[in-house]
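> Before I ask anything, let me first share the structure, which is written out below as structure tokens.
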Amino acid sequence: MTFLYTYFMMSPPGGEGGGGAMINLLFLGAIFFVFYFFIIRPQTKRQKEIQKKVSEMKKGDKVVTGGGMFGIVNSIDDDTVLLEIDSGVKARFQKSSITDVNPGKNK
């Protein structure tokens with residue numbers, strides 16, 4: 001605690017006023033602002049869009065899983081989805097592993 005107190009309360013060399021602490025706080029605030037609006041906010045918005053798409057998917061939709069598997073939804077259960085990967089080849093995936101619904105579809 002003493003270190004932080006002395007760090008933020010130090011005056012700059014030359015005996016000028018205590019503006020160094022205010023500049024440090026403004027710099028930290030600017031870094032937080034940049035991280036929030038350019039990294040955190042867009043990522044959470046994208047995650048909400050994906051969750052909405054997954055909750056609204058239906059039989060026949062094209063999906064992509066987290067492992068890069070493309071498939072067509074054959075049936076949907078509570079937590080899992082049965083995908084047809086190729087003609088006659090089906091695999092069951094968790095809904096949480098689906099990263100995109102209707103890939104390549106023009107909006």
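> Check Lys58, Lys90 and return the single one that is modelled with pLDDT of 90 or more, of a type outside the set (Phe, Trp, Tyr) and surrounded by 11 or more Cβ atoms within 10 Å (Cβ to Cβ). Break it down into steps so the answer makes sense when it comes.
Numbers: Lys58 fails: surrounded by 11 or more Cβ atoms within 10 Å (Cβ to Cβ).
Of the residues listed, the single one that is modelled with pLDDT of 90 or more, of a type outside the set (Phe, Trp, Tyr) and surrounded by 11 or more Cβ atoms within 10 Å (Cβ to Cβ) is Lys90.
> Still on this model: Could you tell me how many of the residues in the range 61-81 are closer than 12 Å to Ser96 by Cβ and surrounded by 15 or more Cβ atoms within 10 Å (Cβ to Cβ)?
2
> All but one of (1) surrounded by 10 or more Cβ atoms within 10 Å (Cβ to Cβ); (2) of a type in the set (S, T, N, Q); (3) at pLDDT 90 or above hold for Asn24; state the number of the condition that does not hold.
Here Asn24 clears every test but (3).
> Regarding Leu4, is this residue in a helix (DSSP H, G or I) and either at pLDDT 90 or above or loosely packed, with under 10 Cβ neighbours inside 10 Å (or both)?
Numbers: in a helix (DSSP H, G or I): yes; either at pLDDT 90 or above or loosely packed, with under 10 Cβ neighbours inside 10 Å (or both): yes.
So Leu4 passes the test.
> Name the strands (runs of 3 or more DSSP E) wholly inside the range 56-105 in which the number of residues that are closer than 20 Å to Arg46 by Cα and touching a residue at least 40 places away in the same chain (Cβ under 8 Å) is 3 or more. Quick ask: steps written out before the conclusion?
On the way: elements: 62-65, 70-76, 80-86, 89-94, 98-101.
Ranges flagged: 98-101.
The values are calculated or read from the model by the stated rules, or taken from the named source; none is laboratory data. Owing to the predicted nature of the structure, the values given are computational and were not obtained by experimental measurement. FYI the Cβ positions are ideal-geometry reconstructions off the backbone, even for glycines, and counts take in every protein chain you see.
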